Amino acid sequence: MLIPPKLSLYIHFPWCVSKCPYCDFNSHELKNPLNEKQYIAALIEDLQQDLPSVWGRTVNSIFMGGGTPSLFSAPAMQQLMQQVRALLPLRPDAEVTMEVNPGSQEFDHFSGYLAAGINRLSFGIQSLNDENLKVLKRIHNSAQAIQAVKLAKQSGYNNFNLDMMFGLPGQTLQAAKTDLLRLIELEPTHISYYQLTIEANTLFAVKTPDNMPDTERQHDMFLQGQELLSAHGFEQYEVSAYTKDGQRSEHNLNYWQFGDYLGIGAGAHSKITLGHNSQIQRQVKQKHPQMYLNHAATEQRIVETRTLDEATLPFEFLLNALRLKQAFSWDKYQAVTGLSATTLQQVFQDSVPQEWYHMDDQQLQLSNAGFLMSDEILQNFI
């Protein structure tokens, strides 16, 4: 019988001031006044319907993503957190993260968010170069981003993440370095430094900018960022995640370690281990906000349910585990999948270049070369 791993809660907020051309998340431009009370009530109805699948389990982290969660006021978030705590056992020192868009008008609410129990912020800065921000159609400029971080610090936040992209249209290696150095000056505890990719069903996919950096330059930017962040005391623990003073993202780390997460909100995804029958299920909620609001209290809020089987579990596990720099043990693999490690070991021995990984009877870890080739490794398990 599978023993359920750590449990996290993800809460999705689907509205933004405007839709960014590179974004493939479930986000919708806010065209009418935001009805906070209605959406918070729907989230709680959704959570109540899901409780039987996680009954008695403690929540170790919460992540509020979007969209732009910080469009919601501090009182609305306080109400949400109070009701979540009433329904689910929440670890007293649980990490509770909220995504923040520096261009929306939430700066007066930072102290209220902190009082609500939101103890970590994640700022979608993306660049501190104003020309880059215009190309990305961000609604903030660099001065607003810097001011938002300063105000959060003044409100008492000492644990926060800053997102930054590289490989932007027309970006040179030196420009990427300058951008990252400006970000480091803001003294975050965590940086997510990731490459701009052109995703299907985005505006950039319909009309891709002509001057995108080529693959070689993108690779150079990645390595340059890796070296620069290391030189400034940041430890890389995942492909795009860097931490200072050990302040890792507990919520994201749970994803990458194949932990469980319950997702509520429009378009939210869940992955839950059902201890009574040793099944691992994934679910997806209604994506369109109005459809979600209409069905949040019914089974119709769920648009997809699938059970992971022996054929798909190795890929599902590795899709996350290979993003981490640390090794994973065979005991861990067996505990969270219920599968023997033998087949997985055999595929690595037969199909993956030996210089890409280190493997023994206890664990597997990618080498530096393999870490950069994780997508190619995954192709062996599709």
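The values are calculated or read from the model by the stated rules, or taken from the named source; none is laboratory data. If you're wondering where the values come from, they're calculated on a predicted model, not measured in any experiment. As a convention, Cβ positions derive from the backbone with ideal geometry for all residues, glycine included, and neighbour counts pool all protein chains shown. These accessible areas exclude ligands, DNA and RNA; they are computed on the full protein's heavy atoms, side chains included. Shrake-Rupley method; radii C 1.70, N 1.55, O 1.52, S 1.80 Å.
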Checklist outcome for this item: Residues meeting the amide H criterion for Gln279 (H placed from the backbone, H to H distance under 5 Å, 5 or more places apart or on another chain) are Leu274
Checklist entry - Under a 1.4 Å probe, what is the accessible area of the chain per residue, stated in Å²? => result 46 Å²
Checklist outcome for this item: Any chymotrypsin sites (Phe, Trp or Tyr not before Pro) in region 8-99 that lie in a DSSP loop and have at most 11 other Cβ atoms within 10 Å would be Trp55
Item to check | region 238-325: GluC sites (Glu not before Pro) falling in loop per DSSP and having at most 15 other Cβ within 10 Å | outcome: Glu310
Checklist entry - Can you give the alpha-carbon Rg of region 218-258 over 2.2 N^0.38 Å, where N counts its residues? => result 1.25
Next on the checklist: Can you list, by residue number, the Cys in the chain that have no neighbouring cysteine C-beta under 4.7 Å?
Outcome noted: Cys16
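Go through Asp130, Asp163, Asp46 and list them by solvent-accessible area, largest first, probe radius 1.4 Å.
Working: Asp130 65, Asp163 25, Asp46 0 Å².
My answer, sorted largest first, is Asp130, Asp163, Asp46.
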Next on the checklist: As a test question: what accessible area, to the nearest 10 Å², does His12 have when a 1.4 Å probe is rolled over all protein chains in place?
Outcome noted: 10 Å²
Checklist outcome for this item: Expressed in Å to one decimal, the Kirkwood Rh of the chain from all distinct alpha-carbon pairs is 21.9 Å
Checklist outcome for this item: Residues meeting the amide H criterion for Ser122 (H placed from the backbone, H to H distance under 5 Å, 5 or more places apart or on another chain) are Met98, Glu99, Val100, Asn161
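How would you classify region 1-58 from its alpha-carbon gyration tensor, with a ≥ b ≥ c the square roots of the eigenvalues: rounded for a/c under 1.5, else prolate if a/b is greater than b/c, otherwise oblate?
Working: a/c = 4.42, a/b = 1.78, b/c = 2.49.
Here region 1-58 falls in the oblate category.
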Checklist entry - What spacing in nm lies between the two simple spin-label points modelled at Glu235 and Leu51, each 7 Å away from Cα in the Cβ direction? => result 3.9 nm
Checklist entry - With Cβ to Cβ distances under 14 Å as the rule, what net charge do the other residues near Leu322 carry (K, R +1; D, E -1)? => result -1
Item to check | Greater than 27 Å apart at Cα, pairs in Lys177/Lys332; Lys19/Lys285; Lys271/Lys332 | outcome: Lys177/Lys332
Checklist outcome for this item: FRET efficiency (Ile302, Ala86; Cβ distance; R0 22 Å; to 0.05) is 0.45
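For region 249-382, take the convex hull of the Cα atoms, compute a quarter of its surface area, and give me that in nm², please. Don't skip to the end; give the middle numbers.
Numbers: hull surface 37.2 nm².
Projected area, direction-averaged: 9.3 nm².
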Checklist entry - Comparing Gly56, Gly338, Gly259, which has the greatest mean-square fluctuation in the GNM of the chain with Cα pairs linked when under 10 Å apart? => result Gly56
Checklist entry - What is the spin-label model distance, in nm, from Met1 to Ser18 if the labels are put 7 Å beyond Cα along the C-beta direction? => result 5.5 nm
Item to check | Cα-based Rg and Dmax for region 70-161, where Dmax is the largest Cα-Cα distance (Å) | outcome: 14.3, 46
Item to check | Among beta bridges that DSSP assigns inside the chain, antiparallel share in %, nearest 5 | outcome: 40 percent
